[in-house]
């Protein structure tokens, strides 16, 4: 019998809020959290929309010499450390740190100010994710195993999956894993990169409505940013009364299809989902709702629709689904971790949230996307899907604690 | 079995025989080419494929080898004087391909596409210990592909891949190591997986 692994702490800093309570309130009310880019001058950029982290209602503006995702990661870690004294009960070498991180940040303004551009000189303006994550973990006394995943949009999902597997192993007892992710592509260089890919939403008449998962008028993604971290341990090691959910299943697959597009059949997404469901000791019939990747791009959303049919058969159009990206945008390497917060909200409130900006269904994707008001229902088991550019897929199953 | 390759700055990295479509080569950085060529050689020798899991470590981007260097050079002068002009100059310097070339999961994606690998996977960053952790946490008894790649500032590209299984890795001296994973593969190629 596999040891049970539970989630009992959360630190989060994302467009929907800073801290669990603020994020939960945003999810409950389906508050739109994207808008015009504010942390740098994007006034001349062809698309101009992002989900940015705010402090007291204002977009967090930082010096261009600072890697935004490192700041968000530290905020999430600070929240986690402060919210529970239980972390201190674990010996430092039994505290592990697994995060998904995005591309290294290039301080283009710093390069410009330097005025000289020797190749070797560029490195000083590059902020390595692994260095900042390592330094942070050590400063907080997390001295056990360490891993940075850089598998793009499944990076933090894989970090959470690694946490599950590590804790199930012999040697997992008496350990805590801090797992999650951080990213910010909302900077000039990477924003332009995504624009050049043709991936960004063209719905600029209202940037707060530009990310439209599964909507028939969707036209692309809106970049988001932020971080989320969770404390996970075996059930026996979790603090009394603190459990938020049980992480019960994980699997990953690759499409082996195209670099630019997902496999439209959804076959490998479905295989990851079914493997995660099996890993959780369940069958597809036991899944109550699905939190999808739902990027609002023309190609991702139908591929997920196809996967849903393979996973659930005839039930695929009845099972309620949700994507958090309508609200906060696509937070790239952090998305699995940030979106886990909405899963925990679903479990706590026994409801499926509203997918923000889903207004008109696409007949080609006949999924039951919740709109208007959260859908109250009994929820014991949630399937989470994420997929990355290049065809990497990851799936988690999260159970209501006490199921 | 372990395969390790090092390609000097002027060396061509042969991958054409592995491509399902020649056009895919435009997405390849030198690291991606080295990783694909090396993984391809191992897969050909061992017959591994299909759902064989792949755990891969990439390394710090040394920007000389990526388009973003051109972006920075083209844009940086303008950025200091007139940031709003960055859009025009920066956009002009960036090809759509550069984002694929710098995305850290691109080498593994290309390996997956070209070698038809669909199994469990992860891409970790730099450290050998992180890469080993993923392999160790995989289900015992299954063969795994464990690999790493990097490019150096001068354009030298290196990659190594091993076919192993997690039971062989539990007492590895690389557990917890912060050394670049590509050094672990280099050592394995010399000494065997250990």
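Figures for the structure shown
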{"read-out": "Listed residues A:182, A:133, A:373, most fluctuating in chain A (Gaussian network, C-alpha, under 10 Å)", "value": "A:373"}
{"read-out": "Inter-site label distance for residue A:114 and residue B:23 at 7 Å from Cα along Cβ, in nm", "value": "3.7"}
{"read-out": "Peptide B:132-139, shielding by other chains (average Cβ, 10 Å cutoff)", "value": "5"}
{"read-out": "Of A:180, A:305, A:57, the one that fluctuates the most in a GNM where chain A has Cα springs shorter than 10 Å", "value": "A:57"}
{"read-out": "Average other protein chain Cβ within 10 Å of Cβ, residues B:108-119", "value": "6"}
{"read-out": "Segment A:288-335 versus segment B:126-194: alpha-carbon centroid distance in Å", "value": "34"}
{"read-out": "Most mobile of A:287, A:311, A:108 in a GNM of chain A (Cα contacts under 10 Å)", "value": "A:108"}
{"read-out": "Additional length obtainable on full extension of the chain from residue A:139 to residue A:1, 0.36 nm per residue less Cα span", "value": "46.1 nm"}
{"read-out": "Rounded if a/c under 1.5, otherwise prolate or oblate - segment B:114-194, Cα gyration tensor axes", "value": "oblate"}
{"read-out": "Extension gain from residue A:88 to residue A:285, taking 0.36 nm per residue of separation minus the Cα-Cα distance", "value": "66.9 nm"}
{"read-out": "Stretchable slack from residue A:31 to residue A:377, in nm (0.36 nm times residue separation minus alpha-carbon distance)", "value": "122.4 nm"}
{"read-out": "Label-point gap, in nm, between residue A:216 and residue B:168 - each point 7 angstrom along Cα→Cβ", "value": "5.6"}
{"read-out": "Calculated FRET value between residue A:314 and residue B:154, using beta carbons and R₀ = 60 Å, to 0.05", "value": "0.55"}
{"read-out": "Rounded if a/c under 1.5, otherwise prolate or oblate - the protein assembly as shown, Cα gyration tensor axes", "value": "rounded"}
{"read-out": "Modelled FRET efficiency - R0 22 Å, residue B:95 with residue A:359, Cβ distances, 0.05 increments", "value": "0.05"}
{"read-out": "Global geometry of segment A:137-223, whether rounded, prolate or oblate, following the gyration tensor of its Cα atoms and the 1.5 cut on a/c", "value": "prolate"}
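Bear in mind these aren't lab numbers, they're just calculated from the coordinates by the rules spelled out. Keep in mind that what you see is a predicted model, and the values were worked out from it rather than measured. Ideal geometry is used to build each Cβ from the backbone, glycine not excepted, and the neighbour counts take in all protein chains shown.
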